[in-house]
Every structure is written in structure tokens, then in C-alpha cells.
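Notes follow once the structure below has been shown.
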Amino acid sequence: MDIFLSEKQMEQIAAKTANIILRKMKEDKEPPTEMVSVKEAARILNISENHMRRIKDQFPHIKNGNNSQGHILFVREALLKTYAK
């Protein structure tokens with residue numbers, strides 16, 4: 001079963017699709033979350049890297065890699081808010 005659209009119908013579909021995409025892009029305009037290493041997090045809080053690793057659970061973070069190895073990354077904004085207190 002072949003379905004053919006007129007040029008006008010194709011233009012209407014394209015315009016509607018473009019509007020949907022633009023609206024979604026505007027909704028999703030949240031700035032990306034900046035993540036920093038243990039070294040940078042420790043520098044922001046003016047503490048040692050070892051101490052930063054010990055208190056990591058006090059801050060939003062993720063661990064890239066497997067359980068025995070990997071990099072801990074912290075949310076920069078959360079560290080700065082803590083530092084500002």
C-alpha cells in the first residue's frame with residue numbers, strides 16, 4: 001500500500017515537526033551539570049584530597065569505573081554552595 005503526500009502536506013508536517021523540536025529544545029535549556037575531580041573538589045573546599053575522599057558521601061557525586069578503581073566526580077555547584085556557607 002503506497003501512500004503519497006502532496007507537497008503542501010509534507011511542508012505542514014515538516015513545519016509542525018520543526019515547531020515541536022524547537023519547543024523541546026527551549027524546555028531542555030538547563031545548563032549541563034559541571035562535574036569536577038577529587039583534586040578540584042578538594043581545592044574548592046580548601047582541604048586535602050584524602051579528606052575529600054573520606055567525606056565524599058556528604059556531597060553529590062558519581063563514580064566512573066568499577067568498584068576497585070575509577071574516578072569520583074563531584075557536582076561543582078554543590079561544592080561551591082557548601083563553601084559559601
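The values are calculated or read from the model by the stated rules, or taken from the named source; none is laboratory data. All values reported here derive from a predicted model rather than from experimental measurement. Note: ideal-geometry Cβ built from the backbone for every residue, glycine included; neighbour counts use all protein chains shown. Surface accessibility is based on the protein's heavy atoms, side chains included, excluding ligands, DNA and RNA. Shrake-Rupley method; radii C 1.70, N 1.55, O 1.52, S 1.80 Å.
Evaluate the relative contact order of the chain (contact order divided by residue number), counting alpha-carbon pairs under 8 angstrom at least 6 apart; express in whole percent.
28
Please report Rg over Rh for the chain, where both radii come from the alpha carbon positions and Rh follows the Kirkwood definition.
The Rg/Rh ratio comes out at 1.40.
Once Lys and Arg get +1 and Asp and Glu get -1 on their Cβ, which of 60, 46, 72 lies farthest toward the positive end of the dipole of the chain?
It is 46, whose Cα lies furthest towards the positive end.
When you take every Cα atom in the range 35-85, what is the radius of gyration, and what is Dmax, the widest Cα pair distance, in Å?
10.3, 34
Tell me what the chain gives for mean residue ellipticity at 222 nm when only DSSP H runs of n ≥ 4 count, each as -39,500 (n - 2.57), the sum divided by the residue total, rounded to 500 deg cm²/dmol.
The helix-only estimate for the chain comes to -15500 deg cm²/dmol at 222 nm.
Carbon and sulfur together cover what percent of the accessible area of the chain at a 1.4 Å probe radius?
53
Enumerate lysine pairs in the chain that are 8 or more residues apart or on different chains, then count those whose Cα atoms are under 17 Å apart.
The number of close lysine pairs in the chain is 6.
When only the heavy atoms of the protein chains count and the probe is 1.4 Å, how do 49, 7 rank by accessible area, highest first?
Highest to lowest solvent-accessible surface, that is 7, 49.
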